[in-house]
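The values are calculated or read from the model by the stated rules, or taken from the named source; none is laboratory data. Just so it is clear, the structure is predicted and the values come from calculations on it, not from any experiment. Cβ placement follows ideal geometry from the backbone for every residue including glycine, while neighbour counts extend to all protein chains displayed.
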Amino acid sequence: MRKKVISIVVILTLICANSCLSLAAKDSDTYKNKANEAASNSKKAQEELKEVKTELNGALQAVSEVSDQISDVESEINTLSNKIDELKNSISEKEADLKQKESLLDERLAASYMNGGTSPYMDALFSGGVVNLVTNYDMIKQIAEYDNNLINEVKNTKAALEEEKKQSEEAKEEKEKKSEELKSLKSQKQAKVNSLTAEEKEIQSKIDEYDAETKKMKKLESEALAKEKAAEEEARKKAAASSSSSSSASSRSSSSVSKGSGQFMWPVPSSHSISSPYGYRVHPIYGTKKFHSGIDIPAPTGTTIVAADSGTVILASYGYNGGYGNYVIISHGNGYTTRYAHCSSLSVSVGQQVSKGQKIAAVGSTGASTGPHCHFEVRINGETQNPSNYV
Ligand SMILES: [Zn+2]
């Protein structure tokens with residue numbers, strides 16, 4: 001029964017721990033996610049914009065084509081109008097001609113039926129005396145026929161012109177209908193252009209918003225990152241201080257930190273020389289007489305650095321770090337800590353348990369350094385010791 005209660009408590013604790021962890025999600029991650037989301041939305045909107053632009057170009061092309069068609073049809077209508085006007089003129093000319101010819105004929109005919117008339121027919125009929133009467137009659141008949149033919153010819157021409165005019169008017173009507181259709185089509189296409197233009201504008205403003213959001217979130221992210229880094233640094237310092245102080249209180253029972261033996265192994269297995277010993281020396285960069293807090297072990301960049309003893313990593317930091325460059329601090333318990341500086345890369349992280357001889361970093365020349373080497377320190381309760389006495 002008691003066991004059951006304990007396991008329930010354990011489970012509840014675990015659940016709490018998990019939910020607490022998720023609640024404590026870093027602000028920088030939240031902003032990063034938001035920045036990524038906004039950037040992805042912007043990208044999607046840009047794709048959408050591309051499609052709308054393509055569609056808009058198509059619609060503009062259509063409007064331009066329909067406009068061309070309209071102007072072609074309008075020009076055809078114009079040509080037909082001119083033609084119809086010309087035909088109207090020709091027809092009225094023919095009408096006038098006809099009228100003249102008909103009235104002339106009427107006059108001739110009327111005169112021929114009247115006594116003592118002086119119509120050309122009569123003149124012709126009686127010219128040359130009675131002997132020629134028959135011949136003259138034939139001639140008159142021919143003149144009449146000629147007149148009639150002339151009239152008919154004009155009539156036919158006029159009829160042909162009228163037919164042509166009718167056809168032209170029909171064609172013009174058709175073209176006008178076509179023009180109306182095209183105009184309505186053009187206004188449809190223009191409406192499409194207008195709506196696509198509005199859509200384009202809307203998407204563009206969305207993209208601008210997303211981009212501004214991305215920028216804002218990135219700024220918040222880097223601000224949060226800086227804060228988090230400062231807080232981490234603070235925590236590391238506290239951890240280092242408490243590890244030194246807790247170890248100094250030898251009566252205190254051990255925590256999870258491994259107990260150090262004070263027996264350290266050489267931290268760079270492949271290189272055993274010392275280019276700069278512990279103690280006062282002229283600093284190679286600052287040129288001043290300075291205290292050297294550790295020993296320098298020269299080795300090519302990338303050479304393996306191992307933990308001098310088992311322990312807990314209490315600091316693993318990339319950066320200049322006050323001249324240490326990328327460096328690691330391992331706490332070995334009993335107040336012992338070791339430092340490994342100027343590394344090119346770090347293989348461990350804060351809180352990690354390491355065993356003696358385990359690879360923790362690689363030799364480099366980061367921080368205040370003139371060439372690749374491992375700066376190795378041994379400290380007891382935070383006070384530097386001569387590492388040569390321990391390795
Ligand atoms: Zn050094």
**Request:** Mind checking which strands (runs of 3 or more DSSP E) fall wholly inside the range 274-391 and carry at least 3 residues that are within 15 Å of the ligand (Cβ to nearest atom) and out of contact with any helix residue (DSSP H, G or I) (no Cβ under 7 Å at 6 or more places or on another chain)?
**Result:** 279-282, 289-292, 295-298, 336-343, 373-380
**Asked** Does G351 satisfy being farther than 21 Å from S271 by Cα and not aromatic (F, W, Y)?
**Response** yes
**Request:** Say whether the condition of being within 22 Å of V193 (Cα to Cα), touching a residue at least 60 places away in the same chain (Cβ under 8 Å), surrounded by 18 or more Cβ atoms within 10 Å (Cβ to Cβ) and within 53 Å of the chain's Cα centre (by Cα) is met by at least one residue in the range 72-94.
**Result:** no
**Prompt:** Do we find a residue being at pLDDT 65 or above, surrounded by 14 or more Cβ atoms within 10 Å (Cβ to Cβ), of a type outside the set (F, W, Y) and in contact with a Ser or Thr (Cβ under 8 Å, 6 or more places away or on another chain) anywhere in the range 110-125?
**Reply:** no
